[in-house]
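Undergrad: The structure that follows is given in the form of structure tokens.
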Amino acid sequence: MHSILQAAGPGTDQPEPIDIRFDGSSGRMIGLGFINGVLKILTLGLYSFWAKTEVRRRIWAATRLNGEPVAYTGTGKELLLGFLIVFGVVVIPVMLSGVAVSLLFAGSKEALGLYQGVLYIAFFLLVGNAIYRAQRYRLSRTEWRGIRGGLDGSPGRYGWMYFWTLAAPFTAAAVLAGIVAWATAPAVGGAIMLLGMLGMLWVLPWRANKLQAAITNDMRFGDRPLTYSGTAGPLYKRYLFAWGGNALIFAAALGATGAYLMQEDRYINWFVLKIPPALVELAPLAAIWVLTLIASAVVTSWYRAMQMNHFAGHTHFEGATFRGEATGRSLMWLVLSNWLLSIGGLLAALAIGGTLIFAFGTAPREVIDEVAAPDRAAGLLNLLLIMPPIIIMTTLTATFAQFRSARYFLSRLKLDGPVALGAILQGAHKRPARGEGLAQVFDIDAF
Amino acid sequence: MPSNSTATYGRFSDGRSASARDASVNLGLSGVEIRLTSPDQQMIWQYDTLKAAEPVRTHAIDVLLTSTSQPGASVFVPSPDFARNLRLSAPHLTARAERWRHARPWVFGSLAAMGFVALIYAAGWSPIRSMAGVLPQSWRERLGESAVASMTEGHKLCASPAGVAAMEKLSLRLSKAAGASTPYKVAIYDWPLLNAFAVPGGQVVMTKGLIEKAGSPDEVAGVLAHEIGHGIELHPETGIIRAIGLAAAVELMMGGSGGALANMGLLLAQLGYTRTAEHEADLQAITLLKNAAISNKGLGDFFKRVETIEDEDKVTKTLKPFDLLRTHPPTAEREKLVRNQKDYPSTPALDEASWQELKRVCTITKDPAKDAGVDGAPL
């Protein structure tokens, strides 16, 4: 242990190399995931804020700079408070306004559509804001040798950039398609729209680079800033491959879905006659789309690995530069194995829950209409039997996968060049009091 | 208190800069003793002021400590022995202690909340139903229109004037028996499924499938009486309030990431009424039919019909989604309840001519959107 630590004397200001390592066993995370799942059940889900915090503390502590651990100092209480505030300020008003709109414009599809459109745009405007705030909270709770990280900028500015970099090209494509449709025929406009949407995907590398620059340039460790110097150009060669691959995969998935719907009058039955489909009839569709998402993630891995290396390679701190060592193949295996783990966990949970229902629950029976009453109490019993295995298994696999992803990225991140650690002082930036409410509501807090 | 007399190597940071100094760390009687050299400095962090960067596990190989007595400062001790002994001196740093400390209030809180809910229901008070009772009539009607619009989407309204008049006649007869100030509005939809449901605001939806499969006007009257029974008991209003509350609760419980589950919760809430609610509606139906002097044999016949279809269906059809969460409807029991009622003088629910018109109600259909907001005539 002793040898890992830099044999530096008392508080030297001499620049020294920084060694980044990730030292942790993913096996232990299985036990933690299981315990967290059980505690979530016992507390009706409220423990999830503390569960998330303990997972982060473990991941942060496994990250070693020159042998010394990084500390996560956030608390479950902060996450709970942040969530409760957003729940009161965003979730409850949205639910109530939804009820109000249904009451005021009973059954008017136009009013409901307009309301939902406005809501989607408002949400989309808030997503970037939420990402920034979550990142700011996490960095402010990240310490190494007692020195805090920070994010010193405006969530609003980042949120707006997150919005317009996608909304502007989308609007441009839609307006162009509209004009063409008006000048020629609706079908031509539709084709232009489809092409416009596909072409619009080409803004993604530029957008990712722009957002990365914005957030990295706001980052601080202590009183020292990080800087970003990357441009989007080099990302495009790999992107061509990812874009083409995804286009093929989604075209194939749409084709398969269409072919399946056309068989045995499924389209007519489900969408025209409105006969609800049976579970076994939906299974092939679910399989097609799960496979599509996996294939898409696999194909995109090479681009994502390159993007990660590109981002790292243009991030500088005190004269030193980061270096990413991700490879497409290794990232692909990570993504694929995490997917298989999650699916396997869910199937296992369903098998356990199904067995429990078979043993202790109430057998399923066909119900034709409302006049024939379902028994809610018995339904509740079945729900109580199947939910615990699902909650435990999903918590377990999610914890495990999260740890593996962190290990993947952190063990492939290097810092080239010496840093004068003694010159880095505690920053003066203010610490947000609560964490991440918005990001939790949008479910975009990856770590 | 075990005391580790041999000093252990550690790294001390004062939290003012990112540099660190070598330290010698010792587990003393009352706290962790930290000694720094050049310049010489010694400090003691009391055990109860300690915090660890991560819970100290049995197999921990090192530990990063801070103390509330010296904010900002931290000491890192890369020694498994030190970590193991620290667990004994400062047991509040172990994973088990930390987890229980955080989970305990919520475990007890959840138990108390569940006990409270159980108590309320055991006392026979339904808070949701009380809320449903104070909803203004105009809100109910609008909720009902929204519900009808979303449930019957894509189906046309049956609108042959004579057929609609026949149904109005039947509804008026039963509504009078219910003592309602306005008659229940009944809309028939061109929909082959055998179905009928009550929505908030005294509105009932029936399908063409039900009218066609019914063997007599008394059967239709029985079903309508049952749905009006739901309306009298405010079951639809209660169901909607419960669905909204449940969605909020699920969202809260899932820490906000329960989007999908919230929808599933809504679905479950909308699956239907409880067995108790159905029983209440049946009892209301029996009373209504008697007050309206319509034979309750029709309702019994209808239950029999549903039972037969269920039995046929069981053989031919595969399971539908969520059937797993539904259970055996006690249709046979309900039929028995109706059959056991005493006979009373009755007349057919509709005369033969009106009945024939009702059966042809779907020969003319129209777009339901154009009919929104039509009110029933006051009694």
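Undergrad: Per 5 Å bin from zero, what fraction in whole % of the C-alpha pairs of region A:193-332 is there, up to the bin with the longest pair?
TA: Pair shares across the bins are 2, 9, 14, 15, 13, 12, 10, 8, 7, 5, 3, 2, 1, 0.
Undergrad: Just the Cα atoms of region B:152-214: what Rg and Dmax do they give in Å?
TA: Looking at region B:152-214, its Cα Rg and Dmax stand at 11.8, 34 Å.
Undergrad: What FRET efficiency comes out for the pair B:GLU153/B:ALA123, r = Cβ-Cβ distance, R0 = 41 Å, nearest 0.05?
TA: 0.55
Undergrad: Another question, if that's okay. So which of B:LYS336/B:LYS359; B:LYS176/B:LYS213; B:LYS208/B:LYS297; B:LYS156/B:LYS208 end up more than 18 Å apart, counting from Cα to Cα?
TA: Over 18 Å Cα-Cα: B:LYS336/B:LYS359; B:LYS176/B:LYS213; B:LYS208/B:LYS297.
Undergrad: Right, here's the next one. Do the alpha carbons of any pairs in B:LYS169/B:LYS304; B:LYS342/B:LYS366; B:LYS185/B:LYS304; B:LYS290/B:LYS366 sit beyond 31 Å of each other, and which pairs?
TA: Those over the limit are B:LYS342/B:LYS366; B:LYS290/B:LYS366.
Undergrad: What list do you get for B:SER126, B:SER295 if you sort them by fewest beta carbons within 10 Å?
TA: B:SER126, B:SER295
Undergrad: Let me ask another. Report, to one decimal in Å, the Kirkwood hydrodynamic radius for region A:154-217 based on all distinct Cα pairs.
TA: Hydrodynamic radius (Kirkwood, Cα only) of region A:154-217 equals 12.9 Å.
Undergrad: Quick check on the exposure proxy: order A:SER140, B:SER69 from fewest to most C-beta atoms within 10 angstrom.
TA: Taking fewest neighbouring Cβ atoms as first place, the list is B:SER69, A:SER140.
Undergrad: In whole Hz and in residue order, list the ³J(HN,Hα) couplings for region A:265-270 that follow from phi through the Karplus curve 6.51 cos²θ - 1.76 cosθ + 1.60, θ = phi - 60°; x for Gly and Pro.
TA: 3J(HN,Hα) across region A:265-270, in whole Hz: 6, 4, 4, 4, 4, 7.
Undergrad: So which residue, out of A:MET219, A:MET200, A:MET332, gets the largest mean-square fluctuation from a GNM of chain A using Cα contacts under 10 Å as springs?
TA: In the Gaussian network model the winner is A:MET200.
Undergrad: Suppose each label sits 7 Å from its Cα in the direction of the beta carbon; what would the A:VAL175-B:GLN137 distance come out to in nanometres?
TA: Reported label-point gap for A:VAL175 and B:GLN137 is 5.2 nm.
Undergrad: Within region B:137-173, list the GluC sites (Glu not before Pro) lying in a DSSP loop whose Cβ has at most 15 other Cβ atoms in a 10 Å radius.
TA: Sites meeting the loop and neighbour criteria: B:GLU153.
Undergrad: What FRET efficiency, computed as 1/(1 + (r/R0)^6) with R0 = 51 Å and r the Cβ-Cβ distance, is obtained for B:SER181 and A:VAL280, rounded to the nearest 0.05?
TA: 0.55
Undergrad: Report the percentage of all Cα-Cα pairs in region A:151-271 whose separation exceeds 27 Å, rounded to a whole percent.
TA: Roughly 44 percent, once rounded to a whole number.
Undergrad: I'd like the Karplus ³J(HN,Hα) series for region B:127-144: coefficients 6.51, -1.76, 1.60, θ = phi - 60°, whole numbers in Hz, and an x wherever there's a Gly or Pro.
TA: Per-residue couplings from phi come out as x, 5, 5, 4, 5, 4, x, 9, 5, x, 4, 5, 5, 4, 4, 5, 4, x Hz.
Undergrad: Quick one: Karplus J couplings for region A:92-97, per residue in order, coefficients 6.51, -1.76, 1.60, θ = phi - 60°, nearest Hz, x for Gly and Pro?
TA: 4, x, 5, 5, 5, 5
Undergrad: Give the order of B:ARG104, B:ARG142, B:ARG35 when sorted by the count of other beta carbons within 10 angstrom, beginning with the fewest.
TA: Starting with the residue having the fewest Cβ neighbours, the order is B:ARG104, B:ARG35, B:ARG142.
Undergrad: Using a basic spin-label model with each label point 7 Å from the Cα along Cα→Cβ, how many nm lie between B:PHE108 and B:GLU212?
TA: Placing both labels 7 Å beyond Cα along the Cβ direction yields 6.3 nm.
Undergrad: With a cut-off of 8 Å between alpha carbons and a minimum separation of six or more residues, what is the relative contact order of region A:154-217 in percent?
TA: Dividing the mean separation by the residue count of region A:154-217 yields 38 percent.
Undergrad: For region B:173-201 and region B:30-91, what is the separation of their Cα centres, given in Å?
TA: Spelled out, the Cα-based centre of one part sits 73 Å from the other.
Undergrad: Please give the per residue volume of the convex hull enclosing the alpha carbon atoms of region A:21-119, rounded to a whole number of Å³.
TA: Cα-based convex hull of region A:21-119, divided per residue, equals 159 Å³.
Undergrad: A further question follows. Debye calculation, C-alpha points only, no solvent: report log10 I(q)/I(0) for chain A at q = 0.13 Å⁻¹, in the same order as the q values.
TA: -1.57
FYI, it's all coordinate maths here, none of it is from the lab. Remember, predicted model here, so these are calculated numbers, not experimental data. Note: ideal-geometry Cβ built from the backbone for every residue, glycine included; neighbour counts use all protein chains shown.
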